[in-house]
């Protein structure tokens, strides 16, 4: 450490630049804003966070086929 060159303060450096990307609303999804360094990163992030406008509620009935043991007890 030299007195001629001051120590670099990490708190004074600028953060990495991230741009703001806007994705328009569609018939199925809300509009979203994503912050990323590149457009490819923004698209990848958008596909992970996009939200459905009218999500389909879960059904009460199970669509799983009964196993062999369950069929034997039917009268």
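The values are calculated or read from the model by the stated rules, or taken from the named source; none is laboratory data. A quick note: this is a predicted structure, and the numbers were derived from the prediction, not measured. Cβ atoms come from the backbone with ideal geometry, glycine included; neighbour counts cover every protein chain shown.
Looking only at the range 17-31, decide whether some residue is modelled with pLDDT under 90 and loosely packed, with under 10 Cβ neighbours inside 10 Å.
Yes, the range 17-31 has at least one match.
Looking at the range 21-45, which of its residues are within 22 Å of residue 55 (Cβ to Cβ) and touching a strand residue (DSSP E or B) at 6+ places or on another chain (Cβ under 7 Å)?
Across the range 21-45, the qualifying residues are 23, 28, 29, 31, 32, 33, 34, 45.
For residues in the range 50-73 being surrounded by 10 or more Cβ atoms within 10 Å (Cβ to Cβ) and modelled with pLDDT of 60 or more, which is farthest from residue 21 (Cα to Cα)? Give the steps one after another, and end with the answer.
Just the residues of the range 50-73 that are surrounded by 10 or more Cβ atoms within 10 Å (Cβ to Cβ), to begin with: 50-51, 53, 66.
Imposing the further condition that a residue be modelled with pLDDT of 60 or more reduces the set to 50-51, 53.
Working: 50: 13, 51: 16, 53: 20 Å.
Filtering the range 50-73 for residues that are surrounded by 10 or more Cβ atoms within 10 Å (Cβ to Cβ) and modelled with pLDDT of 60 or more, the one farthest from residue 21 (Cα to Cα) comes out as 53.
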